[in-house]
Amino acid sequence: MMIRVITRRILRALLTLFLVVTFVFFVLRLTGDPVSAMMPDDTDPAIMDQMREDWGLNRPLAVQYADYWMGLAQGDFGNAYRDGRPALEVVSERIPATLTLTLTGFAFIVIVGFPLGILAAINRGTVIDRGIMTLSVTGFSLPNFFLGILLILLFSVQLRLLPAFGSDKWYNLLMPVFTLGTAGAAVIARFVRSSMLEVLSAPYIRAARARGVQERQIIWRIALPNAAIPTITVLGFMVGALISGSIVTESVFAWPGIGRLLIDSVTQRELAIVQTIVMLTAFSMVVANLTVDLLYLMIDPRQRYAATSGA
Amino acid sequence: MTGERVPLAIEGLTVYHHAVDAPVIENLALSVKPGEIRGLVGESGSGKSITCMAALGLLNDDWQISGQIALAGNRTLQAVAERRGFDAAMIFQDATSSLNPIQTIGQQLTETVARLRRLSRATARRVALDLLKRVDLPEPEARYDYYPFQLSGGQNQRVMIALALAGQPRILFADEPTTALDVTIQSQILELLKSIRDETGMGIVFVTHDLGVIEDICDTVSVMYSGRIVESGPVTDIIDRPAHPYTSGLISSMPTLAGQIPAGIAGQVPAPGQRPTGCAFAPRCSEARPDCRTEPPRLVAFSAGRDVACLNPLGGNHAAEQSRLDHRHCPNKSTRQEPIAEIKNAACDYRVGGGGVFRAVSNVSFDINDRESVAVIGESGSGKSTIGKLLLGLEAPAEGEILFSREPVPLLGTVLHRAYARFVQLVPQNPYLSLDPRATIGNQIREPLIIHRIGTQAEQLHKRDELLEAVGLGPEFADRYPHEISGGQCQRAVIARALCLQPQMLICDEATASLDVSVQARIIALLRELQERFQLSLVFITHDLRIIRSLCQKVAVMQKGELVEFGTAEQVLSTPSHPYTRALLAAVPEKKKELA
């Protein structure tokens with residue numbers, strides 16, 4: 001039963017991937033021509049036509065689309081126009097940098113967001129609660145590029161504590177991760193707080209207190225797992241926010257990741273690279289959502305029951 | 001007593017609420033001897049639950065407590081929290097939501113046993129299984145690994161009781177533990193509590209609004225009103241000869257199988273901070289004298305073992321008897337013996353997960369005669385609400401047919417159904433949830449007229465005021481919002497709304513189940529009056545057999561989707577033919593003499 005549920009979700013994920021790839025394929029080809037983006041305006045039209053011919057861009061869209069899928073089926077993601085390198089190779093080089101940034105950012109969100117939310121909830125209405133909530137509003141109100149620039153101005157330009165660029169030392173991560181994760185941590189803190197407050201007023205918490213369960217046990221062993229269930233959904237959305245956030249953050253800090261590659265590739269109409277990146281991004285979103293669904297099933301016996309009884 | 005520690009002794013308890021800026025509980029004394037079951041009764045808002053929560057130290061910083069609380073002889077107001085589970089335990093009304101939803105009941109129980117008895121997990125697990133057996137949970141070994149959502153409400157309440165027994169407490173606070181349960185399950189749980197009391201000598205504070213339950217299980221009773229105890233003593237004494245007019249009012253509000261018309265108590269419990277200077281009950285009391293309004297009565301000895309807080313206590317047993325409005329059953333007047341609605345071999349299915357169907361009702365046939373009231377009774381899951389939905393056209397019969405005025409009942413979503421709404425209307429259980437919180441009472445009563453484009457604005461407003469008057473609210477309620485009025489008043493507004501289109505039949509689905517008995521009695525009286533005045537047929541879906549006689553001529557008994565008995569109220573209640581009906585009747589908590 002469980003296997004069937006998971007298979008169904010994976011099939012749905014594949015459909016999502018297919019739709020994303022198709023959408024991006026057509027949008028890219030309808031919004032600009034790689035050849036005219038690459039060559040100077042005064043290039044001989046005959047040369048440009050020749051280039052289109054060489055790259056197969058003058059064929060009907062449907063043919064190009066079918067061709068693209070044929071390639072994908074054989075693991076061929078297409079080549080970059082400029083240097084002719086396989087798109088997958090170009091993108092793969094950049095993956096570690098982005099992965100480092102987004103995973104650390106995700107950890108930052110969880111490590112900062114959860115404790116702050118719990119702290120605010122158990123100190124509801126006090127200075128601590130109000131302080132954390134004020135920070136939280138500030139946190140998700142600041143656009144991350146702005147936050148990034150502020151950090152550079154403060155720590156690199158004024159205090160000269162941290163370098164504004166670079167990615168090879170651990171401390172190079174500090175400012176980008178803070179820039180990337182602050183908004184998410186702020187949202188999670190808020191969400192964990194309200195979720196905890198709701199759970200803490202539930203009858204089963206009162207009943208646990210009535211049989212003398214220690215307050216610490218109540219918070220960590222009973223309230224938090226229950227409050228975590230709805231929070232997981234939000235964490236799933238965070239993956240999307242992290243990916244889009246990383247594009248901006250990488251630009252601000254000149255981080256050699258996928259985000260910058262994407263921006264460059266879009267302006268240069270490097271179709272194969274853009275497509276590969278979008279596909280990769282969609283894939284990570286799909287994986288994140290699948291993980292959320294599976295985590296749900298793991299944590300919440302009611303969902304598990306509903307899933308396995310075929311509802 | 002044999003020098004055993006007194007399970008509970010509360011002296012001079014005052015509980016102050018900071019936000020309300022007034023005491024909610026005032027100068028309350030309550031004690032329970034070993035093996036004693038003390039009932040705590042009163043309308044909602046009288047402070048019963050707060051008293052229990054205060055005794056267990058469960059109130060948060062919004063509250064300030066003063067006075068003496070001794071649990072099992074430990075006179076320690078501050079240290080109460082540390083003794084929770086050991087000296088005292090508590091069970092609640094909604095057992096299912098009182099258990100951690102994502103942990104198995106076995107784990108929860110084992111953890112609690114291990115903690116409270118300082119046992120290893122393996123030993124605790126064995127004790128936990130023993131406890132599950134002790135509370136008669138069927139198949140305890142298998143159910144050990146169940147989650148609360150997989151068990152029924154009654155089974156979860158057994159688990160809650162097992163949890164409460166984990167620390168071998170001397171006193172158990174039971175806050176409406178059977179209110180949400182079916183009568184047969186309720187009587188099983190009451191028996192279980194009694195047998196545990198007999199075995200352990202534990203004292204129990206039993207909070208309920210149901211005097212029938214008090215009579216069934218309690219040795220002594222304390223009646224609470226507006227944060228004070230107004231009367232206390234042995235149960236039989238107090239039920240037979242109440243001294244406080246409030247107690248008498250509560251008793252006469254109880255519907256009985258014998259069918260006395262419950263009287264109810266007018267008005268409502270004053271909010272803390274708005275209590276009158278004298279006796280808090282004086283504004284609602286028919287016996288009040290001028291000094292009642294100026295001088296707060298103290299709780300003093302009334303007779304042996306009995307205390308009452310009343311300047312003008314009732315003497316003898318005249319009070320309870322007199323305050324019943326009359327002893328007539330619901331008039332057995334012969335109505336026009338013509339069916340207005342007919343249920344013919346009806347079956348109804350619900351889709352369930354995995355493409356299966358669940359047959360909620362099968363092969364049910366009975367008629368509802370014009371201007372007649374029919375009670376549909378049964379336990380949860382018996383299909384009684386589905387009967388209501390079929391009659392309203394909210395569900396389609398899978399087999400058979402539902403007729404109204406000899407025509408098939410049109411289904412929701414069809415053009416005809418809209419017109420049908422003018423003939424049949426619903427009064428649901430929870431009046432708060434069935435009113436729009438952001439619309440005034442008046443607009444909601446008038447809304448059906450607007451939807452059906454009936455009358456000019458002036459006529460509609462006139463009709464609205466007329467209806468408010470008819471349900472005993474008065475036009476001044478038109479501009480109020482649901483949260484500004486009490487539950488009983490909300491239910492009156494809902495009834496007014498249902499009557500707006502001048503229907504011929506009302507479907508009341510547990511319409512009084514979430515109301516206090518004092519209010520329930522008055523709603524029943526109102527329904528009777530309205531039925532007469534507007535010549536209505538009534539279908540009264542209920543789990544409470546005691547309200548049948550005062551309202552209904554016919555009874556349909558449902559069990560597991562089937563109609564097991566149908567007949568006149570007299571017949572079914574006095575000479576039930578089906579074993580299930582007999583079981584239901586036997587489970588009704590009330591004095592056995594009234595059954596005779």
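Each reported figure results from applying straightforward, stated rules to the coordinates on display, with no laboratory input. Just so it is clear, the model here is predicted, and its values are computed rather than measured. Because the Cβ atoms are built from the backbone with ideal geometry, glycine has one as well, and the counts that use them run over all protein chains shown.
Numbers at a glance
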| item | result |
| --- | --- |
| Bins of 5 Å from zero: percent of alpha-carbon pairs in the stretch A:1-88 | 3, 11, 16, 21, 17, 10, 7, 5, 4, 3, 1, 1, 0 |
| If the convex hull is drawn through the Cα atoms of the protein assembly as shown, its volume per residue in Å³ | 242 Å³ |
| FRET E, pair residue B:194, residue B:568, Förster distance 30 Å, beta-carbon r, rounded to 0.05 | 0.30 |
| Full-stretch length increase - residue B:236, residue B:380 - with 0.36 nm per residue and alpha-carbon distance subtracted | 48.7 nm |
| Eligible aspartates and glutamates near residue B:463 by straight Cα distance, threshold 17 Å, same-chain separation 8 or greater | B:447, B:476, B:479 |
| Gyration tensor (Cα) of the stretch B:544-589, equivalent ellipsoid semi-axes in angstrom | 15, 12, 10 |
| For residues of B:99-107, the mean tally of beta carbons on other chains within 10 Å | 5 |
| About the Cα centre, charge dipole magnitude for the protein assembly as shown (Lys/Arg +1, Asp/Glu -1 at Cβ), debye | 1440 debye |
| Table column - 3J(HN,Hα) (Hz), the stretch B:270-275, Karplus curve with 6.51, -1.76, 1.60, x for Gly and Pro | x, 5, x, x, 10, 6 |
| Kirkwood hydrodynamic radius of the stretch B:431-502, Cα pairs, Å | 11.7 Å |
| Cα gyration tensor shape of the stretch B:20-154, rounded if a/c is under 1.5, else prolate or oblate by comparing a/b with b/c | prolate |
| Within the stretch A:1-106: Cβ-based charge dipole about Cα centre, in debye rounded to nearest 20 (Lys, Arg +1; Asp, Glu -1) | 1060 debye |
| Averaged over B:82-91, number of beta-carbon atoms from partner chains that fall within 10 Å | 3 |
| Distance from the stretch B:471-500 to the stretch A:186-249 (C-alpha centre basis), Å | 40 Å |
| Choice from A:52, A:211, A:124 with maximal GNM fluctuation in chain A (Cα, 10 Å cutoff) | A:211 |
| Gain on full stretching of the segment that runs from residue B:407 to residue B:438 - 0.36 nm per residue minus C-alpha separation | 7.4 nm |
| Label point distance in nm, residue A:85-residue A:107, each placed 7 Å from Cα along Cα→Cβ | 2.8 nm |
| Extension gain, residue B:74 back to residue B:466 (0.36 nm per residue minus Cα-Cα distance, nm) | 135.1 nm |
| At R0 = 22 Å, FRET efficiency that the Cβ-Cβ distance of residue B:120 and residue A:302 yields, to 0.05 | 0.10 |
| For residues of B:54-61, the mean tally of beta carbons on other chains within 10 Å | 2 |
| For q = 0.09, 0.14, 0.16, 0.21 Å⁻¹, Debye-computed log10 I/I(0) when each Cα of the stretch B:338-480 counts as one equal scatterer | -0.37, -0.84, -1.01, -1.29 |
| Chain B - percent relative contact order, Cα under 8 Å, separation 6 or more | 14 percent |
| Among B:471, B:440, B:501 - extreme Cα towards positive end, dipole of the stretch B:431-502, charges at beta-carbon | B:501 |
| Relative contact order computed over chain A (Cα-Cα under 8 Å; 6+ residues apart), in percent | 28 percent |
| Pair residue A:47, residue B:578: separation of 7 Å Cα→Cβ label points (nm) | 9.4 nm |
| Over chain B, equivalent-ellipsoid semi-axes from the Cα gyration tensor in Å | 41, 31, 23 |
| Other-chain or far-sequence residues with amide H under 5 Å of residue B:369's (modelled H) | B:340 |
| Dipole axis of the protein assembly as shown (+1 Lys, Arg; -1 Asp, Glu on Cβ), positive-most option in B:382, A:205, B:531 | A:205 |
| Distance cut-off 29 Å, percentage of C-alpha pairs in chain A lying past it | 52 percent |
| 27 Å Cα-Cα threshold exceeded, pairs from B:48/B:194; B:344/B:384; B:344/B:554; B:194/B:389; B:194/B:560; B:194/B:554 | B:194/B:389; B:194/B:560; B:194/B:554 |
